[in-house]
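Below you'll find the structure, written out as structure tokens, and then a few comments.
The values are calculated or read from the model by the stated rules, or taken from the named source; none is laboratory data. If you're wondering where the values come from, they're calculated on a predicted model, not measured in any experiment. Note that each Cβ is placed from the backbone with ideal geometry, even for glycine, and that neighbours are counted across all protein chains shown.
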Amino acid sequence: MSSGIENILEMIEIQQLPTKISAEKKIGFGMDGNEPRNAQEVVTSDLMDITERLHQEFGRMSGQKLLIVGGAGFLGYYLVQSVLFYNQSAAKPIEVTVYDNYIRGIPQWLKALEGDRHLRLVKHDITHPLPEDMEEVDWIIHAASIASPIFYRKHPIATMDANVGGLRTLLDYCLKRKDQGKPVAGFLYYSTSEIYGDPTPDAIPTPETYRGLVSCTGPRACYDESKRFGETLCVNFALQYELPIAMARPFNNFGPGLKITDRRVIPDFARNIFDNEDIVLLSDGSPTRTFCYIADAITGYYKILVNGRPGEPYNIGVEKPEISMFDLASRMADIGRSHFGYTGKVTRQVSQDREYLTDNPNRRSPIIEKAREQLGYDPKWSIDDALLRTMIWYKDNLVAEDL
Ligand SMILES: NC(=O)c1ccc[n+]([C@@H]2O[C@H](COP(=O)([O-])OP(=O)(O)OC[C@H]3O[C@@H](n4cnc5c(N)ncnc54)[C@H](O)[C@@H]3O)[C@@H](O)[C@H]2O)c1
């Protein structure tokens, strides 16, 4: 019986694809060097690119067991699929287990992978004790936390519990394994760039050494402060017990897997474009961000998991360009016009939600030298190529559960 990922790859005739993307090919295009024609071509060329760039790291994990907690979410989309894609040509596959409570539904892409013999899906809430029949795992990624501001404000306690209590459960598991003489090989905790709060102008772009300017009682505090305490837990477990734990601070990732109903800014604009309605900015459009394409970010995350220094946080994102929300909307509208027959425009309106902009950082942009130097992280997608790929992916993924 063929596995879930094989079914998907068969559908897109993967056997006809080259096994490597040649270095000369212009980045931003599909596997044949042309613009991808549909979501499947975007995803397949991304998976080829990611697995090529992570050849060494996946080689280290080969034949071992990986647990991804919160693997049904946006980042899970490529965290899971890139490993299964690697397994297609690996002598010793990486065995993947996903724990997720599916608080925001079980996505179609994950259901489609259910038959893959190297993937185990377990419905589990990480704020509860670990399952009694849990297999021993070598690598752990803790990505279980609601990340979208609209949704974490709806579920603030669950967000804090996953980032603190859920994390503690997993750290205790690592300690137990060490005490048994079978230590895990690596642990990655997903923190966030939001731990910096709204940095003062002299701290933009922001290095890992910046301590942050964060409210502990504001509407975003359930997220920001639980991530901060999560990092404190990680550092102290890493140092006191000599465990291989490192942290990622993602800066605004986007791309395939971020469902159109997620209420983060890029899927919201995509929805406007495919509904052919005006893009309405709920601010004056001036806050700025750098946006990092998910294929770049995923390489950073696996590099931290495998080579991150114990107790160290790493910014993962891109340094340039730092663009305003208005600029972002305009770029997406331009792509909409050139590729998808969009005829709308970008407008502004005051949000009905009085808390919408409270504690929203005005500028966010990372310094990524530490990940570059220590891990060889090297993001390469341009914002416009990445937005185009994302829009092509949305065109084929316009329906998603609105949870
Ligand atoms: N995507 C980004 O740009 C970004 C930025 C900063 C930080 N992060 C962090 O990265 C991680 C993953 O982000 P994402 O964008 O994939 O988020 P997401 O909301 O798309 O996915 C999170 C997943 O975790 C699961 N989950 C939540 N609580 C859980 C629990 N108690 N037990 C088990 N599963 C649970 C959800 O069901 C979901 O599948 C999160 O920790 C997030 O805070 C992401």
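Which condition breaks for T159 when tested against (1) crowded, with 18+ Cβ neighbours inside 10 Å; (2) polar (S, T, N, Q); (3) more than 9 Å from the ligand (Cβ to nearest atom)?
Evaluating T159 over (1) crowded, with 18+ Cβ neighbours inside 10 Å; (2) polar (S, T, N, Q); (3) more than 9 Å from the ligand (Cβ to nearest atom) leaves (3) as the failure.
Considering only region 276-284, I want to know if a residue exists there that is buried (at least 21 other Cβ atoms within 10 Å of the Cβ) and acidic (D, E).
no
Pairs needed: first member in region 216-232, assigned to a loop (DSSP other than H, G, I, E, B); second member anywhere, within 16 Å of the ligand (Cβ to nearest atom) and not basic (K, R); C-beta distance under 7 Å; at least 6 residues apart or different chains.
C216/E225; G218/D359; P219/D359; R220/P149; R220/E194; R220/D359
What are the residues in region 115-131 that are away from the ligand (no atom under 15 Å from the Cβ), surrounded by fewer than 16 Cβ atoms within 10 Å (Cβ to Cβ) and modelled with pLDDT of 95 or more, if any?
R117
Looking at G186, G181 in this structure, which one is small (G, A, S) and surrounded by 15 or more Cβ atoms within 10 Å (Cβ to Cβ)?
G186
Could you identify the single residue in L66, L84 that is part of a helix (DSSP H, G or I) and away from the ligand (no atom under 15 Å from the Cβ)?
Result of the check over L66, L84: L84.
Going through region 98-107 one residue at a time, which ones are without any contact (Cβ under 8 Å) to a residue 40 or more places away in the chain and surrounded by fewer than 17 Cβ atoms within 10 Å (Cβ to Cβ)?
If the condition is that a residue be without any contact (Cβ under 8 Å) to a residue 40 or more places away in the chain and surrounded by fewer than 17 Cβ atoms within 10 Å (Cβ to Cβ), then Y102, I106 are the ones that fit.
Name the single residue that is nearest to the ligand (Cβ to nearest atom) among those in region 297-309 being within 16 Å of the chain's Cα centre (by Cα) and within 16 Å of H55 (Cβ to Cβ).
Only one residue tops the list, namely Y301.
Return a yes/no flag: does region 309-327 have any residue that is among the hydroxyl-bearing types (S, T, Y), assigned to a helix (DSSP H, G or I) and within 16 Å of F251 (Cβ to Cβ).
Scanning region 309-327 turns up no residue that is among the hydroxyl-bearing types (S, T, Y), assigned to a helix (DSSP H, G or I) and within 16 Å of F251 (Cβ to Cβ).
If you check every pair at least six apart or on different chains, which have Cβ atoms under 7 Å apart with a residue in region 368-382 that is within 13 Å of C292 (Cα to Cα) and at pLDDT 95 or above first and a residue that is hydroxyl-bearing (S, T, Y) and buried (at least 20 other Cβ atoms within 10 Å of the Cβ) second?
I368/Y377; Y377/T299; W381/Y293
For residues that are within 16 Å of the ligand (Cβ to nearest atom), in contact with a Leu (Cβ under 7 Å, 6 or more places away or on another chain) and part of a loop (DSSP other than H, G, I, E, B), scanning just region 250-290, find the one that is nearest to S365 (Cα to Cα).
For region 250-290, the residue satisfying everything is R264.
Any residue in region 126-151 that's over 14 Å from Y173 (Cβ atoms): show its pairings with residues that are more than 9 Å from the ligand (Cβ to nearest atom) and part of a strand (DSSP E or B) at Cβ separation under 7 Å, as long as the two are six or more apart or on different chains.
Listed pairs, sorted by first residue: A143/I68.
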